[in-house]
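The values are calculated or read from the model by the stated rules, or taken from the named source; none is laboratory data. These numbers come from a predicted model, not from an experiment. Reconstructed Cβ throughout: ideal geometry from the backbone, glycine too, with neighbour counts over all protein chains shown. What goes into the accessible areas is simple: the full protein's heavy atoms, side chains included, and nothing from ligands, DNA or RNA. Shrake-Rupley method; radii C 1.70, N 1.55, O 1.52, S 1.80 Å.
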Amino acid sequence: MSDFDFQSFNLALNQEYIELDLFHYGLAKFSQQEFLDAGLGPEYQFLIEYMADQEVGHAEMVSNIIYPYGAKPCQYQYPFDTVRGFLDFCQKLTRWGESGVYGFLPHLDNRAPAELLINSITTEARQQMAFRQLEGLFPMAVWFVAGIPQAWAWTMLSPYLVHCPAENPYIKWQIFPYLNVTNNPIAIRNDSKAAVSTNVSAISYPGYEVNFQWDNPGMNVSYDLKYQTTSTAGPPKYALWVSQLNATYTPLYNIDTDNNYASAKQPGGMVFGNNTAPIFNDTMFVALTDDNPYVTPYNLSLVNPHIVAGPAIYQAG
């Protein structure tokens, strides 16, 4: 494999491992009663266990592809303390895991293992939808699922790795300064119940004021503090929203570079014009940039030199 291919599969393997750990962790952390209180009976809990078992298979397959140089499982940390918070984090993690693979598959030098990874990522897409259903969200509120570059996926994954075996291969993708959407629309609702479908198809709207706060570059992050956030961008000017087939820039305002704070408006628009689907919906991505270069779904990584911070998950629906 080329180094590009190896580093892509190594990142995918680390993603598979955290999913395996996360699903088991949530099942062990919360009691049967806590799951029942969130509307999840034994059948739903078994579904989560089965998805964890799927990740065992995915991790073994990717490990076999890059044998004997594959990573081993790590120790992780998670940002939730309720069952609904667990489900919400699962649907976000599987979204950037799914989108992260879509982003690099067309660029692999060796297409043979790409077929195998497609076979696993189609399962992960089903997992993402299932977690949305367990959370009480509309299961698939988009026509297309965006792909993202490896550096984007690694930036979002990196905060949750605490300690890894010393022999694990170094993950070479860039980690951008972390971005926090301080008023992210909230998908966790106390009245939500698991359902095949609901009428909750959007929890934000075009024109919604979104507030951002971000870190400076140069911070030591991720497992064993082995990595450092970097950025080659200048001062922030735009919010870049990535959803479906689309990348849209909106201007930042109320910019405070002393405290790393700014705001932007959520954009609107339809995928193919009137009477089609809203572009900005579902579990999507946002980053801050210093410029607004034209990009396509295939070459989204061309914006990387302009990223000030992010991406972060934006929960539009």
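Details
- Long-range amide H partners of Ala309 with built H, under 5 Å: Leu288
- Sites matching chymotrypsin sites (Phe, Trp or Tyr not before Pro) across segment 222-317 that sit in DSSP coil, with at most 13 neighbouring C-beta atoms within 10 Å: Phe272, Tyr294, Tyr298
- The stretch between Gln228 and Lys29 holds 68.5 nm of extra length on full extension. This uses 0.36 nm per residue minus the Cα-Cα distance.
- For Thr276, the solvent-accessible surface computed with a 1.4 Å probe is close to 30 Å², ligands and nucleic acids excluded.
- For segment 185-293, with +1 on Lys and Arg beta carbons and -1 on Asp and Glu, the positive-most of Tyr208, Ala239, Thr198 along the dipole: Thr198
- Theoretical gain in end-to-end length, Trp143 to Asn183 [0.36 nm per residue, Cα-Cα removed]: 11.8 nm
- Each Lys and Arg adds +1 at its Cβ and each Asp and Glu adds -1 at its Cβ; summed about the Cα centre, segment 38-174 shows a dipole of about 340 debye.
- Spatially near lysine pairs across the chain, Cα under 28 Å, sequence gap of 8 or more or different chains: 14
- A Förster radius of 22 Å combined with the Cβ-Cβ distance from Tyr67 to Asp3 puts the calculated FRET efficiency at roughly 0.85.
- In order along segment 232-244, phi translates into HN-Hα couplings of 9, 7, x, x, x, 10, 9, 9, 9, 9, 10, 7, 6 Hz, rounded to whole numbers, per the Karplus curve 6.51 cos²θ - 1.76 cosθ + 1.60 with θ = phi - 60° and x for Gly and Pro.
- Computed extension gain for Asn220 through Thr122, at 0.36 nm per residue and net of the alpha carbon distance, reaches 31.9 nm.
- With a simple spin-label model that places each label point 7 Å from the Cα along the Cα-to-Cβ direction, the separation between Asp256 and Glu167 comes to 5.0 nm.
- Overall, segment 1-89 carries a charge dipole of about 160 debye about its Cα centre when +1 sits on the Cβ of Lys and Arg and -1 on the Cβ of Asp and Glu, all other atoms neutral.
- Most mobile listed residue (Phe138, Phe46, Phe86) in the chain, GNM with C-alpha springs under 10 Å: Phe46
- Accessible heavy-atom area order of Thr289, Thr257, highest first, probe of 1.4 Å: Thr257, Thr289
- Residue-level accessible surface for Met61, protein heavy atoms, 1.4 Å, Å²: 50 Å²
- Our coupling estimate for segment 190-204, obtained by passing each phi through the Karplus curve with A = 6.51, B = -1.76, C = 1.60 and θ = phi - 60°, is 5, 8, 7, 10, 4, 7, 4, 7, 9, 9, 8, 9, 7, 10, 9 Hz, Gly and Pro reported as x.
- In order along segment 86-92, the phi-based Karplus estimate (6.51 cos²θ - 1.76 cosθ + 1.60, θ = phi - 60°) of 3J(HN,Hα) comes to 4, 4, 5, 5, 4, 6, 6 Hz; Gly and Pro are listed as x.
- Lys, Arg +1 and Asp, Glu -1 on Cβ, resulting dipole of the chain about Cα centre, debye, nearest 20: 520 debye
- Per residue, segment 195-304 exposes 49 Å² of accessible surface when a 1.4 Å probe is rolled over the protein heavy atoms with every protein chain present.
- Each of Ala277 and Asp109 was given a label point 7 Å from its Cα along the Cα-to-Cβ line. The distance between the two points is 3.5 nm.
- Under 5 Å, built H, 5+ apart or other chain: amide partners of Val162: Gln75, Tyr76, Gln77
- Binned Cα-Cα distances of segment 155-305, short to long, each 5 Å bin given as a whole percent: 2, 8, 15, 18, 17, 16, 12, 8, 4, 1, 0
- Amide H contacts of Tyr227 (H built 1.01 Å from N, in plane; Pro and chain starts excluded): Val221 sit under 5 Å, all sequence-distant by 5 or more or on other chains.
- Normalised convex hull volume, the chain, alpha-carbon set, Å³ per residue: 128 Å³
- Rg(Cα) / (2.2 N^0.38 Å) computed for segment 97-205, rounded to two decimals: 1.28
- Alpha-carbon centroid distance for the pair segment 69-111 / segment 149-211, whole angstrom: 10 Å
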